[in-house]
Amino acid sequence: MADIETTLIEERSFDPNEAFAKDANLSPGEYTELISAADQDYENFWADLARKELQWTTDFEHTLEWSPPFSKWFVGGKLNMSVQCLDQHLKSWRRNKAAIIWEGEPGDQVTLTYAQLHAEVCKFSNAMESLGIQAGDRVALYMPMIPELAIAVLACARIGAPHSVIFGGFAPKAIRDRVEDAQCKLIITADGGWRRGEVLALKANVDEALDSGCPSVEHVVVVERTENPVRWREDRDIWWHELVDQQSTRHDPKAFDSEHPLFILYTSGTTGLPKGVVHATAGYALWTKLTSKWVFDLKDEDTYWCTADIGWITGHSYIIYGPLQNGATTMMYEGAPNYPAEDRYWDICERHGVSIFYTAPTAIRAFMKWGDAHPMSHDLSSIRLLGTVGEPINPEAWMWYRTVIGKDRCPIVDTWWQTETGGMMIAPIPGVTTTVPGSATAPLPGIDAAVVDADGMEVENGKGGFLVIRKPWPSMLRNVWGDPERFQSTYYGKYEGVYFAGDGARRDEKGNFWIMGRIDDVINVSGHRLGTMEIESALVSHPNICEAAVVARPDDLKGQAIVAFVTLISGDADSKMKEELQTHVANEIGAIAKPAEIRFTDALPKTRSGKIMRRLLTDIAAGREVGDTTTLEDASILRRLKSDDDE
Ligand code: WT7
């Protein structure tokens with residue numbers, strides 16, 4: 001079931017460091033109390049936390065209404081997410097504390113205190129309202145990692161307009177699909193963004209998306225970042241700086257319903273278009289706040305840095321919403337980790353005194369490859385906690401992270417969660433949990449995770465199965481935008497009332513969870529989910545392609561790499577065609593979806609009923625012995641596919 005290996009032998013384990021545990025936000029006693037409180041009275045457990053942690057304008061009446069797959073949390077309550085993140089801190093000394101420390105790739109820097117960030121968010125809230133944006137209207141954000149992105153996100157939250165952040169690496173067609181699905185009224189973008197010294201022409205991509213569709217879009221707000229020439233439509237396009245110039249720094253926030261949709265974020269599934277995962281306000285606020293406090297041990301003195309892009313859920317939850325609700329200082333960096341040199345991250349950590357560092361296994365493996373000299377040439381003594389997310393981390397990378405970056409001193413939190421879960425689900429508590437390299441350890445208090453078989457029965461320890469969450473939780477997705485049936489069938493169609501995560505997992509004797517990777521046709525490249533269907537559709541949209549099947553093979557750096565098997569209608573099966581197809585996929589979806597390998601074949605292996613046997617292709621792509629072929633219709637295809645190996 002899984003192609004990511006997890007070793008069964010007992011590895012080293014690491015008890016919480018005493019010095020760390022002494023001051024940790026959560027002590028073993030408090031942790032045990034939380035676990036048993038959730039056990040004894042699930043709803044009260046959440047209600048107490050919600051009353052304690054959130055700033056309610058109106059208190060809620062019921063904690064939970066659960067009619068699977070639909071949940072409502074903290075029903076009847078009212079609050080404003082941007083008040084949670086900003087206004088509440090203005091009453092304390094944190095008013096003049098750095099909320100965001102930002103660094104651009106060229107080296108420019110901006111620090112915004114809570115008061116300054118609040119003023120900017122108010123200005124932009126007023127600006128959006130002046131364009132007619134109202135609560136409930138959807139706003140698309142296609143931006144580089146610049147302060148305006150965080151400002152726009154928080155302003156959307158403030159006026160109750162669900163944001164849909166579209167990762168800046170996506171191509172015009174991907175923008176169009178997402179904007180049309182959510183019927184966005186407004187797009188916020190920039191002339192460009194910096195990446196490895198080059199300008200990414202974001203506005204040009206938006207123009208292309210709008211040329212071919214998106215009739216719902218009334219305005220495009222453009223941040224001037226790179227000063228590259230842009231096309232301009234006077235009746236539609238507005239410069240950010242001109243729009244905010246005359247706006248007031250005050251904005252009276254309305255309180256929204258607990259269940260008011262806070263944002264939509266698209267994520268790949270196995271079929272069709274990406275799913276618009278919908279998150280609601282209060283439950284998401286509660287869980288991102290708590291997990292930041294518990295798992296990152298966030299404190300007022302910390303300079304916290306999550307290296308993700310805000311285009312992904314990690315950036316939503318753990319660059320913006322989680323840290324800011326806690327009044328923390330959160331770092332934001334615009335560019336590539338290896339620009340101008342491969343020590344850029346360590347340089348940032350040293351100069352800003354980063355104390356908590358959260359990144360992806362794929363990045364850690366790249367750092368390992370680039371060599372220890374880079375981190376060793378910097379003073380990383382400010383770092384006190386390390387985190388990872390996005391894919392299973394191999395024990396070697398975990399140990400390297402611990403030794404070379406953490407100097408054997410810093411706890412590592414390997415956090416398992418998903419776009420759909422809103423926040424972390426399985427993760428260590430740094431002052432409490434004994435960690436084991438490669439395991440995300442145990443479910444957080446209130447999270448009822450289990451490993452089950454096809455019938456939904458919990459499997460024995462040591463046995464592989466499907467990862468499920470048996471009880472609803474506050475930050476769970478509320479729906480798939482515009483497609484409740486897909487919501488039901490994808491997540492609640494396999495087991496009655498139980499959330500199906502799509503990952504394979506096993507538990508060991510100590511109860512630790514080992515995530516083994518996706519069990520569906522979703523490929524995880526560098527911690528980003530891509531649907532095989534999406535890539536196949538992009539390939540067959542090329543005039544020379546007849547049929548395509550896309551599978552994953554293990555990749556040392558990226559976790560998984562995309563291998564495409566294609567049959568041609570016309571043209572030559574040569575390296576020029578390969579390059580053309582790779583570029584085609586990059587143009588259709590974005591560079592992250594570009595197949596690492598393209599294999600030409602005259603036919604694809606199919607069952608008698610015509611289903612492509614991906615399992616066989618996966619074996620071939622990985623160079624493994626091919627498994628059971630009894631259902632294969634034409635066995636000779638396999639020989640021909642395999643003899644192509646020298647390509
Ligand atoms: C998928 C979710 C959650 C933010 C980043 C990705 C994989 C995520 C881990 C981890 C093993 C992990 C899973 C999951 N994954 N974190 N710590 N260990 N696998 O969000 O794009 O929604 O992807 O990423 O396969 O299902 P996403």
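The values are calculated or read from the model by the stated rules, or taken from the named source; none is laboratory data. As the structure is a computational prediction, the values presented were derived from the model and not from experiment. Positions of Cβ are generated from backbone atoms using ideal geometry, with glycine treated the same way; all protein chains shown enter the neighbour counts. All accessible areas refer to the heavy atoms of the entire protein, side chains included, with ligands and DNA or RNA removed. Shrake-Rupley method; radii C 1.70, N 1.55, O 1.52, S 1.80 Å.
Return the residues of region 560-609 that are out of contact with any strand residue (DSSP E or B) (no Cβ under 7 Å at 6 or more places or on another chain), open to solvent by 40 Å² or more (accessible area, probe 1.4 Å) and farther than 25 Å from LEU202 by Cα; say none if nothing qualifies.
Those that are out of contact with any strand residue (DSSP E or B) (no Cβ under 7 Å at 6 or more places or on another chain), open to solvent by 40 Å² or more (accessible area, probe 1.4 Å) and farther than 25 Å from LEU202 by Cα: SER570, GLY571, ASP572, ASP574, SER575, LYS576, ARG608, SER609.
Is it true that ILE175 is among the aliphatic types (A, V, I, L, M), in contact with a strand residue (DSSP E or B) (Cβ under 8 Å, 6 or more places away or on another chain) and assigned to a strand (DSSP E or B)? Quick ask: steps written out before the conclusion?
Numbers: among the aliphatic types (A, V, I, L, M): yes; in contact with a strand residue (DSSP E or B) (Cβ under 8 Å, 6 or more places away or on another chain): yes; assigned to a strand (DSSP E or B): no.
No: the conditions fail for ILE175.
For GLU227, which of the numbered conditions (1) on the phi > 0 side of the Ramachandran plot; (2) under 25 Å from the mean Cα position of the chain (by Cα) fails to hold?
Exception for GLU227: condition (2).
Tally up the residues in region 312-337 that are among the β-branched types (Val, Ile, Thr) and either over 18 Å from VAL165 (Cα atoms) or open to solvent by 10 Å² or more (accessible area, probe 1.4 Å) (or both), please. Step through it out loud before you land on a result.
If we filter region 312-337 for residues that are among the β-branched types (Val, Ile, Thr), which is where we start, we get 313-314, 319-320, 329-330.
In the following step, the residues that additionally are either over 18 Å from VAL165 (Cα atoms) or open to solvent by 10 Å² or more (accessible area, probe 1.4 Å) (or both) were identified as 313-314, 329-330.
The number of residues fulfilling the criteria is 4.
Tally up the residues in region 501-520 that are surrounded by fewer than 20 Cβ atoms within 10 Å (Cβ to Cβ) and either more than 10 Å from the ligand (Cβ to nearest atom) or of a type in the set (Asp, Glu) (or both), please.
The initial filter retains those residues of region 501-520 that are surrounded by fewer than 20 Cβ atoms within 10 Å (Cβ to Cβ), namely 508-511, 519-520.
If we keep only those that are either more than 10 Å from the ligand (Cβ to nearest atom) or of a type in the set (Asp, Glu) (or both) as well, we get 508-511, 520.
Total satisfying the criteria: 5.
Scan region 376-387 and give yes if some residue there is touching a residue at least 60 places away in the same chain (Cβ under 8 Å), buried (at least 22 other Cβ atoms within 10 Å of the Cβ) and within 16 Å of the ligand (Cβ to nearest atom), otherwise no. Write out each step before concluding.
So the first thing to find is which residues in region 376-387 are touching a residue at least 60 places away in the same chain (Cβ under 8 Å), and the list is 382, 384-385, 387.
From the residues that got through so far, the ones that are buried (at least 22 other Cβ atoms within 10 Å of the Cβ) too are 384-385, 387.
Filter again for within 16 Å of the ligand (Cβ to nearest atom), leaving 385, 387.
For region 376-387, residues touching a residue at least 60 places away in the same chain (Cβ under 8 Å), buried (at least 22 other Cβ atoms within 10 Å of the Cβ) and within 16 Å of the ligand (Cβ to nearest atom): present.
Output yes when any residue across region 24-31 is loosely packed, with under 15 Cβ neighbours inside 10 Å, of a type outside the set (Phe, Trp, Tyr) and either within 25 Å of TRP473 (Cβ to Cβ) or at pLDDT 95 or above (or both), and no when none is. Can you show your working first?
As a first pass, look at region 24-31 and keep what is loosely packed, with under 15 Cβ neighbours inside 10 Å: 28-29.
Still in the running and of a type outside the set (Phe, Trp, Tyr): 28-29.
Then keep just the ones that are either within 25 Å of TRP473 (Cβ to Cβ) or at pLDDT 95 or above (or both); that gives 28-29.
Yes: region 24-31 contains one or more residues that are loosely packed, with under 15 Cβ neighbours inside 10 Å, of a type outside the set (Phe, Trp, Tyr) and either within 25 Å of TRP473 (Cβ to Cβ) or at pLDDT 95 or above (or both).
Can you pull out the strands (runs of 3 or more DSSP E) entirely within region 407-487 that have at least 1 residues that are touching a residue at least 60 places away in the same chain (Cβ under 8 Å) and closer than 30 Å to ASP372 by Cα?
Values: elements: 412-414, 449-452, 464-469.
In region 407-487, the matching strands (runs of 3 or more DSSP E) lie at 412-414.
Looking only at region 356-371, filter to residues that are out of contact with any strand residue (DSSP E or B) (no Cβ under 6 Å at 6 or more places or on another chain) and in a helix (DSSP H, G or I); which one of those is surrounded by the fewest Cβ atoms within 10 Å (Cβ to Cβ)? Working first, answer last.
Taking region 356-371 first, the residues out of contact with any strand residue (DSSP E or B) (no Cβ under 6 Å at 6 or more places or on another chain) are 359-360, 363-371.
Next, from what is left, pick out any that are in a helix (DSSP H, G or I): 363-370.
Numbers: ALA363: 20, ILE364: 22, ARG365: 22, ALA366: 19, PHE367: 23, MET368: 17, LYS369: 10, TRP370: 15.
Checking each candidate, the answer is LYS369.
What about GLU218, is it assigned by TED's automatic domain parsing to the domain that holds GLU120, farther than 30 Å from GLY283 by Cα, open to solvent by 40 Å² or more (accessible area, probe 1.4 Å) and free of Cβ contacts under 8 Å to residues at least 60 places away in the same chain?
On the way: assigned by TED's automatic domain parsing to the domain that holds GLU120: yes; farther than 30 Å from GLY283 by Cα: yes; open to solvent by 40 Å² or more (accessible area, probe 1.4 Å): yes; free of Cβ contacts under 8 Å to residues at least 60 places away in the same chain: no.
When the stated conditions are applied, GLU218 does not pass them.
So for region 535-548 (the condition being within 16 Å of ARG599 (Cβ to Cβ), part of a strand (DSSP E or B) and either within 16 Å of the ligand (Cβ to nearest atom) or under 28 Å from the mean Cα position of the chain (by Cα) (or both)), does at least one residue qualify? Spell out the reasoning first.
Of the residues in region 535-548, the ones within 16 Å of ARG599 (Cβ to Cβ) are 535-536, 539-540, 542, 544-548.
Now drop any that are not part of a strand (DSSP E or B), which leaves 545-548.
Now drop any that are not either within 16 Å of the ligand (Cβ to nearest atom) or under 28 Å from the mean Cα position of the chain (by Cα) (or both), which leaves 548.
Yes - at least one qualifying residue is present in region 535-548.
Being under 33 Å from the mean Cα position of the chain (by Cα) and not aliphatic (A, V, I, L, M) is the filter here; which residues of region 601-620 pass it?
LYS611, ARG614, ARG615, THR618, ASP619
Give me the pairs, please: first residue somewhere in region 37-51 and of a type in the set (D, E, K, R), second residue anywhere and open to solvent by less than 100 Å² (accessible area, probe 1.4 Å) and outside any helix (DSSP H, G or I), beta-carbon distance under 8 Å, and either six or more positions apart or on two chains.
Every condition considered, the pairs that remain are GLU43/THR63; GLU43/LEU64; ARG51/ASP59.
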